[in-house]
Structure formats: C-alpha cells, structure tokens
Amino acid sequence: MAINRYDKDEELNVRVDFSYFSMLKKYVAPYIGKIIAIVLVMFAIAFLELLPPYFISLVLDKCLPNKDYALLFKLGAVLVVSFAVVLVCQRIRPRIAHTMSMNIIKDVRSDLFRHMQHLPLSFFDSRPHGKILVRVVNYVNTIANLLSNGIFDMITNVFKMFVIVGFMFAMDVKFTFVCLIGLPLFVVVLFIIKTHHRKAWQKYSAKQSNLNAYIQESISGMKITQSFAREEENAEIFDGLCGESKKYWMRSVFIGGATARFVNLLSTITLTAIYAFGVGRISGGELMVGTLIGFASYVSRFWEPVIVLTNFYNEIVNCGAYIERIFQMMDEPLVIEDLPDAEPIGNIEGRVSFNNVTFAYEKGLPNILENVSFNVAKGETIALVGPTGAGKSTVINLLARFYDIQGGTITVDEKDIKHATLHSLRSQMGIMLQDSFLFSGTIADNIRYSKLDATDEEVIEASKAVCAHDFIMEFPDGYNTVVTEGGSSLSAGQKQLIAFARALLADPAILILDEATSSIDTETEIALQKGLERLLEGRTSFIIAHRLSTIKNSSRIMYIANKSIAECGTHDELLEKGGKYAELYMAQYKFLENL
C-alpha cells in the first residue's frame, strides 16, 4: 500500500477530469424542477436589469427632443415595475438555491461517509486520518457555493451576454463589432493562464490537506508530545506547513487575479475606442448622444458577465481539485465486500477451519502466513502466542474478514466466509482489541454500542461479568457518566473493562480477545477470569495474550512462528514437549520470580 504522510502531497491529474463533475448529476437530478425555476427567475432579473441603458437612449434621443412625455411616462412606469419585480425575484432565488444546494451537500456527504464505513482497513492504514476528515468536511463545503450560486450565475451571465449583444446590435452594428474585437484576445489569454491556475490550486489543496493531517496527528499524540518536550519542534513543523499553504494560496490568487486584471484592461481600451469613434460620428451627424451613452453603458456591462464567467472558471478550477478528491474516495474500491453470490451465514455454532491459508498484506510483500491449517470445534478456547509480528492478530483479522486471503479457505460451520455477507458474519463475533477505543457519550452508550436494543439490566449484567460494575458505580453519575472521545478521562484498565463488557453484551458465537487483559491489574484479572469461565462456556473463543498465565486453561495453545503454526497443544502438553512455548513460558516465569 502506498503510505501517505502529512509531509507528502496527494498527487492528482493535471488535466481537469470532467467525469468527476458528471458524477454530480445523480445528486442534482432530483432538483431539476427547482433548478429550472431558479434559472427562469434569474433570466427575468437579468433582462429587467438590462433595460435602463436602452430606455435612457430612448429618452435622450426621442422623448426629450420630440417632447414625447407620454412615452417618457410609460418608460418610467416600466422601470418602476421592473425594479419591484427584481426585488421580489432576488428574495426568492437565494432561498430556493441555498436550500437545494444544502440538500445536495447533505446527500454527497452522507454517501461519502457511508462508503467510508465499508472501505478496507488498508485504506485507513495507508493515509493520515486528517486527510480523510478534510475530504468529508472541508472539501464538500467548497462545492456548496458552486451549486448555490456559481452554476446559476454562469447560466445567467451567458444569457446576459447574448441580451447585451442583442441590444448593442439593435442600437449600432459598427459599435458592436468594435466592442467584440477584444474577445478573441481574451480567450487566448484565458487558455494560457488556465493550466497554471489549476496546478496552483491543486498544490494549495494538497498543502491544506497536509496541514489538516498534521493537526489531527498532533492532537491525537499530544500526551506523547508533552512527555518528550517536543512542543517547540512540533510548532516549527506546523509553521513550515502553514508557510507552504500560504505560499501556494498567494500564487493561486495572483494567477486568478491576472484574468480579471486583463479583462479590466480590455474594457477600458474598448470604452476609450467607443468614445473616440463615437464623438467623430456624432460630429458627422451619424450618431445621437443618447445612443452613444446607452451603448457605452452596455459596453461596460458586457465585460461584467465576462469577469463573472472568468471568476466562475476560476471557481471550477478550484473546486475541481476538491471534487476529484471527493469522488476519488467514492471510487475507492471496496476490497472487502459482499460477493454477488454472498448469502447470510445463518446462526453460527462456532466451528472454524483454516485450510492452507496464505496471506500477505500487499502484493509483493513477504507472506505473513503460509499454508496454515487448523480446525476448531464448537466451544473451544484457542490461545494464540508467539513472537511479535508472527501473525497472531493476522489470524483473527482474517477470521473477521478485515482482509482477504491470497490462498486457501476459511470456513465457519463449513461455510466459506468469503461467500457469506459481512454483516451476518461480523454481527455474531465479539471482538475485543488491544486498543480499547471509546466513543464520546455515556459509559452505558459505549457498552450498548454492540447491541443497541440492550436493556439497562443486560448492560449491568455484562459489566458485572467483567468486573466493571464496581468502578462504574463509583462515578457520581454511574452508567450515565459521560466519557470523552477515546476515553481519555478513564484509566487504560477501565477502558479495557468497558470494551470487554461491550464485546460480551453482543452475546457472540465467536469471541475474539486480542490482548484483552494487558492493561488490567493482576487482582482484577483474577476476578475477571472467574466471570469469563462462565461466559466462555459453549462459545468458540480466540485469545491472544503475552501474559501466558491467562491462557493456561485454554483448550489448545497455538504457537505461531515462521509463517505457520509451529506448535499446538494444551498448556501441559507443550510444557512437556519442551519446545518454543515451554521456553517462552519458563522465561516469563523466571522473569516474574525475579521481580
């Protein structure tokens, strides 16, 4: 897997991939009626706002010279009505547009989060969590303005340009062609700038992602940072990341502003040419003053939508980098997913078989396991021991199908787990990992996480079984005590006991304990073992433990080394054999004796 860090930029294609924009279609389609309504309202606003220059030319060239006050009154009445209509339309449009865009953003973010729930663990292992977070929150927010304003402004301003050109041709054809001379030059300049602008925004996006990743990592590791007095060094790293982000933001804004500056220059040159050309025509009697004033107003207004369209293009370039990242994440393959022929596995009894299983975490890397085979009967307790990195946790990860094997089969009750639905398999497993993560909420909420419909009595019973009830009741609010994210307000042992209760509450057919007692004191562990003896009865269990005293009563102990099961038997059998397990046990026993 390609490892991504806070100091490594996420690379994207240089060209705009419009296929990602097309993926927005399914989110926009349900609101097509509202979109049409908004466009019609904006067309009305645009047309009515373009009437005054034409009316001014009529007033100066016809009403005043001919003293046609009736026409003057009619023109004034039309302008008053149009002004009122514009005010009403301007109140309606934002309300519809913002409501629609927020609904679309909600749909996009929900789909992104839902997809994220099913991504393989390798996806989260290979990149900082801050870079994932920024996609779900910040990047999705950036497209909100594009949907609520940008697209509609683009359509409206294209319409404005055609209306303005229509009025200009109606007033004077020669002037119109003079105005449009600068347009081809503008298009050429735009194409020269666009590639550099896109690259700059992509780079800025990558730097922002790096910054977010480092913030998330720093918050998670704050205790380690302060323990090793790394505050100043980390602050310097953060300052460097901020400086990189500022550098590319300034570059992006400078390049984007170049287009607007060029448009303003073209507008000024065009107006100067119009007035110079117009004065001569007025002197020759070919043109009236009102027409020149009205036409000059339209020339100024012609470049306004051009600038807006340029800004919209800049926004598309900006959002393009974000949209690509959003939909790239949605395109991330669900490596571990239900196969087309997958079926619910049914009620699990707990018979587990590994048949010539071979596994590596990534193609090209050394195998962790090779041709591993063993059978576990219903109700057996299997202990997995061995050196660090030998593959103990890998065995349980494969059983829960967090990863797929490259060779062999894994069956539960003689059913290949690869052809079982993930939900039906995992929902009948209770997994207690070494890292006891607690979610923000009450202690009861955290225990009930594995079984949402569990009663208070069931929560308390599970807590008592794992010796968590007594310390929970010492808190003023008992089971309603609020814990912070990660459970930082609790000790490591308390967190493990709560996580233990959570696993047992699910009443799983298969129980997996990965270093479940590593943070529990010896006295609590002895009491916990008594409760576990009853709870493990009739339940297939896999226990990983470095503290060998906790697994002496297991049905079988498997010593994993050299990519396979080196030894297998009961505690007494393996001691009598005098192999690797016996060496490990005696070394640990002597170490404890010398304490």
Handout entry: Proximal lysines to Lys464, defined as alpha-carbon separation beneath 25 angstrom and excluding residues fewer than eight positions away on the same chain
Key = Lys451, Lys495, Lys530, Lys552
Problem - the chain - accessible surface per residue (Å², probe 1.4 Å) - result: 51 Å²
Fill in the blank from the handout: Of all trypsin sites (Lys or Arg not before Pro) in the stretch 380-434, the ones in DSSP coil with at most 13 other Cβ atoms within 10 Å are none
Completion exercise
Counting only protein heavy atoms with a 1.4 Å probe and every protein chain in place, the carbon and sulfur fraction of the accessible surface of the chain in whole percent equals 60 percent
Problem - Amide H contacts under 5 Å for Leu369, placed H, 5+ residues apart - result: Phe359
Practice task
Could you please put Glu49, Glu537, Glu324, Glu414 in sequence from largest to smallest accessible area, using a 1.4 Å probe?
Solution key: Glu537, Glu414, Glu49, Glu324
Completion exercise
Once the dipole of the stretch 433-480 is set up from charges on Cβ (+1 Lys and Arg, -1 Asp and Glu), the residue from the list Ile460, Met473, Phe437 lying farthest towards its positive end is Phe437
Problem - For His118, solvent-accessible area (1.4 Å; no DNA, RNA or ligand), Å² - result: 110 Å²
Problem - DSSP H segments from the chain that extend 18 Å or more along their own axis, Cα-based, with Kyte-Doolittle mean of -1.0 or above - result: 32-49, 69-117, 151-171, 183-220, 231-283, 289-331, 492-505, 522-536, 580-593
Fill in the blank from the handout: The set of residues whose placed amide H lies less than 5 Å from the amide H of Gly407, leaving out same-chain residues fewer than 5 positions away, is Thr358
Problem - Those aspartates and glutamates that a straight Cα-Cα span of less than 14 Å connects to Lys247, excepting residues fewer than 8 apart in one chain - result: Asp239
Problem - Which labelled figure in (i) 74, 57, 46; (ii) 120, 52, 47; (iii) 82, 78, 40 is Cα extents along the principal axes in Å, once derived from the coordinates - result: (ii)
Problem - Cα centroid separation, the stretch 96-120 to the stretch 452-466 (Å) - result: 35 Å
Handout entry: Between the stretch 208-239 and the stretch 270-285, the Cα center-to-center distance that results, in Å
Key = 65 Å
Handout entry: Exposure ranking of Phe312, Phe175, Phe228, Phe124 by accessible area [1.4 Å probe, largest first]
Key = Phe228, Phe124, Phe312, Phe175
Handout entry: Average Cα contact separation per residue, the chain, under 8 Å, 6 or more apart, as relative contact order %
Key = 14 percent
Handout entry: Restraint check, Lys74/Lys174; Lys25/Lys207; Lys392/Lys418; Lys363/Lys563; Lys160/Lys199; Lys26/Lys160, Cα-Cα greater than 23 Å
Key = Lys74/Lys174; Lys25/Lys207; Lys160/Lys199; Lys26/Lys160
Completion exercise
Taking a straight Cα-to-Cα line shorter than 16 Å from Lys415, and setting aside same-chain lysines fewer than 8 residues away, one finds Lys378
Problem - Cβ charges +1 (Lys, Arg) and -1 (Asp, Glu), total dipole of the stretch 346-465, debye - result: 320 debye
Handout entry: Gap separating the Cα centres of the stretch 156-191 and the stretch 360-420, nearest whole Å
Key = 69 Å
Problem - Ranked order, Lys247, Lys563, Lys26, Lys495 - accessible area, probe 1.4 Å, largest first - result: Lys26, Lys247, Lys563, Lys495
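The values are calculated or read from the model by the stated rules, or taken from the named source; none is laboratory data. All of these numbers come straight from a predicted model, not from anything done at the bench. So basically every Cβ, Gly included, is an ideal-geometry build from the backbone, and we count neighbours across all protein chains shown. Ligands, DNA and RNA are excluded from the accessible area calculation, which covers all protein heavy atoms including side chains. Shrake-Rupley method; radii C 1.70, N 1.55, O 1.52, S 1.80 Å.
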